[in-house]
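All remarks here apply to the structure that follows.
The values are calculated or read from the model by the stated rules, or taken from the named source; none is laboratory data. Please read all numbers here as calculations on a predicted model, not as lab measurements. In this analysis, Cβ positions are derived from the backbone assuming ideal geometry, glycine residues included, and neighbour counts consider all displayed protein chains.
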Amino acid sequence: MTNVRTVTQAGVPTVDVQTTDIVKQWKAKAERLRTQWEQSEWYLGEARASIGCLERQLDELREAYGRLEAEATTQLQEQIRQRDEANWYLGEVRAAHEALRHQLAQARDDVEVMRRVVEAREEDVDVERARRKAVEADLHALQRHGERRSSVRTHRPDMVAEVRAPDGLLLFHGCLPNVSLTGLAFVTDQTVDDVPDFVEVTLHVPGIGRPIEGIGRLVWREAIEGIQQWGCELLDLLPDSQRRLGDVLATAA
């Protein structure tokens, strides 16, 4: 504690204060402050060390980020190059596909044209084959049956005939090998079990309007190589139908 005394010097009273305790208090306080300062310096050193470590880590992260950014940039450029190359190849493939599709369409058109030509040729061959077989049948019939025709037969490729049985069964539909005012011949590839004696004949000729209709009689039949060849005599034609048939036959080439 502080010692305070009152003394009289030269008749004047004074206060004598001994500062020993005060000094001790200040020294203790200074010691605490020094201790706190040292602790603060230690914490500051630790903080500086941590900051230095963090700065080094930050530098390492920056370097790693720079490397990753460079690698990512390189990879991105490579992907862009590959994408452009793929787009170019895709364009080439599309162009080749379009050219191939066009060629395929052209080939299909050519095949269709050839198919139609072949069908037309097959029809011509069938007509010629039917004519040949009909001529052979006529010749064979002449040789076997002694047939004598009262009129000359001719071939009209534009004439389409229908020959039906009395019950409506269609025996023949198509182009006739030959026809005349008194008869006609036709060829079928089917066998008729019950052959009628009389048939209904309808002749369609372009440019004459109504078809020519009449009654016919089957006078002979021959089977050659699976083909049925028929000879039909025209018995009953109306005067108008007979006249129109005569005009058609007269203009035949």
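Contact annotation: residue pairs with Cβ atoms under 8 Å, 6 or more positions apart or on different chains, pairing a residue in segment 168-182 that is over 14 Å from Val248 (Cβ atoms) with a partner that is loosely packed, with under 15 Cβ neighbours inside 10 Å and among the hydroxyl-bearing types (Ser, Thr, Tyr), are Thr182/Ser150; Thr182/Ser151.
Per-residue answers, yes or no, for (1) under 24 Å from Gly168 (Cβ atoms); (2) exposed (fewer than 14 other Cβ atoms within 10 Å of the Cβ):
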position: Thr191; (1), (2): yes, yes
position: Val201; (1), (2): yes, no
position: Val219; (1), (2): yes, no
position: Gly226; (1), (2): no, yes
position: Gln229; (1), (2): yes, no
position: Leu234; (1), (2): yes, no
position: Thr251; (1), (2): no, yes
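Restricting to segment 73-128, what's the tally of residues that are within 29 Å of Leu176 (Cα to Cα) and not aliphatic (A, V, I, L, M)? Don't jump to the end; show me each part of the working.
To start, the set of residues in segment 73-128 that are within 29 Å of Leu176 (Cα to Cα) comprises 112-128.
Then keep just the ones that are not aliphatic (A, V, I, L, M); that gives 112, 115-116, 119, 121-124, 126, 128.
Total satisfying the criteria: 10.
Within segment 174-214, which residues are assigned to a strand (DSSP E or B), polar (S, T, N, Q) and under 22 Å from Arg129 (Cα atoms)? Before you say what the answer is, go through the steps one by one.
Initial filter on segment 174-214 (assigned to a strand (DSSP E or B)): 174-175, 178-179, 183-188, 198-204, 212-214.
Those still in the list that are polar (S, T, N, Q) too: 178, 188, 202.
Scanning segment 174-214 gives Asn178, Thr188.
Of all residues in segment 190-198, none are closer than 22 Å to Asp126 by Cβ, of a type in the set (S, T, N, Q) and at pLDDT 90 or above. Only one of the numbered conditions (1) in contact with a strand residue (DSSP E or B) (Cβ under 7 Å, 6 or more places away or on another chain); (2) among the hydrophobic types (A, V, I, L, M, F, W, C); (3) farther than 22 Å from Asp158 by Cβ; (4) not in a loop (DSSP other than H, G, I, E, B) is violated by Ala223, and that is (1). Here the condition is being surrounded by 10 or more Cβ atoms within 10 Å (Cβ to Cβ) and either more than 56 Å from the chain's Cα centre (by Cα) or touching a residue at least 12 places away in the same chain (Cβ under 8 Å) (or both); of Glu123, Glu85, Glu41, it holds for Glu41 alone. State whether one or more residues within segment 145-155 are within 22 Å of Gly231 (Cβ to Cβ), surrounded by 11 or more Cβ atoms within 10 Å (Cβ to Cβ), at pLDDT 90 or above and touching a helix residue (DSSP H, G or I) at 6+ places or on another chain (Cβ under 9 Å). No: zero hits.
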